[in-house]
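The values are calculated or read from the model by the stated rules, or taken from the named source; none is laboratory data. Quick caveat, the model's predicted, so the values are computed rather than measured. In this analysis, Cβ positions are derived from the backbone assuming ideal geometry, glycine residues included, and neighbour counts consider all displayed protein chains.
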Amino acid sequence: TDLSTFNFGELLQATDYSDVKDWKIDTAKVDVNTIGTYDLKVTIQDKYKNKASKKLKVNIVQAPEVAEGEVAVTEVVTDENGNKKTVV
């Protein structure tokens, strides 16, 4: 699956007395083509620039299906907010 489209926010929760910005999720170390357990780094920041980070485990239980004659290519992309994402 394309991790850049996966909604990790549905699985995460942050509580703060001030407004928090969007999650930064670094999926650069996750290889969706290889079954295994990988580290995922999640960071969130409030409006005063206080940050909290946490490493989580991601389990890849099935590699993406590739049709005959096709090749799966994995690329790490950094968006304008500094989030690193693995794209297949």
*Of the conditions (1) outside any strand (DSSP E or B); (2) of a type outside the set (D, E, K, R); (3) over 17 Å from VAL77 (Cα atoms), ALA28 clears all except one; give me its number.*
(3)
*Kindly indicate the residue of region 10-25 that is assigned to a loop (DSSP other than H, G, I, E, B) and surrounded by 13 or more Cβ atoms within 10 Å (Cβ to Cβ) and also nearest to the chain's Cα centre (by Cα) among those meeting that condition.*
TRP23
*Filter region 24-50 for residues that are without any contact (Cβ under 8 Å) to a residue 40 or more places away in the chain and either touching a Ser or Thr at 6+ places or on another chain (Cβ under 7 Å) or of a type in the set (Val, Ile, Thr) (or both) and give the result.*
THR34, ILE35, THR37, LEU40, LYS41, VAL42, THR43, ILE44, ASP46, LYS47, TYR48
*Out of the residues in region 31-43 that are exposed (fewer than 15 other Cβ atoms within 10 Å of the Cβ) and not acidic (Asp, Glu), state the one that is nearest to ASP79 (Cα to Cα).*
ASN33
*Count of region 31-43 residues which are in a strand (DSSP E or B) and farther than 17 Å from SER18 by Cβ*: 7
*Would you please name the residue that is nearest to VAL61 (Cα to Cα), looking only at residues in region 1-28 that are β-branched (Val, Ile, Thr) and modelled with pLDDT under 75?*
THR1
